[in-house]
1. How many residues are closer than 25 Å to Gly145 by Cβ and either β-branched (Val, Ile, Thr) or in a loop (DSSP other than H, G, I, E, B) (or both) if we restrict to region 108-128?
2. Would region 129-138 turn up any residue that is among the β-branched types (Val, Ile, Thr), modelled with pLDDT of 95 or more and under 21 Å from Gln221 (Cα atoms)?
3. Please go through region 44-66 and pick out each residue that is in contact with a His (Cβ under 9 Å, 6 or more places away or on another chain), hydrophobic (A, V, I, L, M, F, W, C) and surrounded by fewer than 16 Cβ atoms within 10 Å (Cβ to Cβ).
4. For region 110-146, which positions are at negative phi and out of contact with any strand residue (DSSP E or B) (no Cβ under 7 Å at 6 or more places or on another chain)?
5. Ala212 is checked against (1) out of contact with any strand residue (DSSP E or B) (no Cβ under 7 Å at 6 or more places or on another chain); (2) at pLDDT 95 or above; (3) assigned to a helix (DSSP H, G or I) and fails just one. What number does that condition carry?
6. Kindly indicate whether Met166 is in the same structural domain as Lys68 (by TED's automatic domain parsing) and modelled with pLDDT under 95.
7. So is Val153 farther than 19 Å from Ala119 by Cβ, buried (at least 22 other Cβ atoms within 10 Å of the Cβ) and of a type in the set (Val, Ile, Thr) or not?
8. When you go through Ser178, Ser164 one by one, which is the residue that is closer than 18 Å to Ala103 by Cα, polar (S, T, N, Q) and assigned to a helix (DSSP H, G or I)?
Amino acid sequence: MKRIHQGINQFEGGMIMKKGLPFAAGLVVTLFFLSYTLTFAEGLKQVQLPAPQLDGGQPLMQVLKHRKSSREFSSEKLTVQALSNLLWAAFGVNRPDSGKRTAPSAMNSQEMDIYVATADGLFLFDAKPHRLKQVLAEDIRAMTGLQPFVKEVPVNLIYVADFSRMSSGANEQKEFYSAADTGFIAQNVYLYCASEGLATVIRGLVEKPALAKAMKLRADQKITLVQSVGYPKK
């Protein structure tokens, strides 16, 4: 399976090099990568993730036994399939008829968004079509925390609560419920990583105002926590 950065970069390279290839071969290359990457306004991209693999994984009790935090990561990129599985486990749609998700939310408000910071830019996970929408083209991983490893880890998941989706109530109440909902999602990520042999850690040492500005968030969008994910350092 091609890695996400390879898919994006090779798609662009394939478009540039097509003139030097036989027409049929160039067309195959273009169509292959187009199935994964779509381009929209301002040169930003959408990445259609492959369907999550739901028939694998370790038994739950073994996963709980191996669940842990790790702050040592390999720089190896996650494959597109691994990223797809990870995001579905975190907060994907597991009941398509109702649109309900793999993690609960207060009054089913589904106020939590997952932003994915990678070397290829910042993406927003759109759960219903199981797609990534690029928000920024630049690499902002270094802004996702104060620890040195955050700028090198392949994936930093930024959890953002959208208060506009929550029913009327004081911000204190919205902060309470969104914090709990973040915890549910983060634990899903921990369990998936334990099952698949990935390293992960949830983090709170973040300069949230600066990161929110870089992400171009609205005033009613609040960063809660950040979670790093990657292959363990060998």
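1. Here the count works out to 7.
2. yes
3. Ala51
4. Correct list: Ala119, Asp120, Pro129, Ala142, Met143, Leu146.
5. (1)
6. yes
7. No.
8. From the options Ser178, Ser164, the qualifying one is Ser178.
The values are calculated or read from the model by the stated rules, or taken from the named source; none is laboratory data. As the structure is a prediction and not an experimental result, all values here were calculated from the model. Note that each Cβ is placed from the backbone with ideal geometry, even for glycine, and that neighbours are counted across all protein chains shown.
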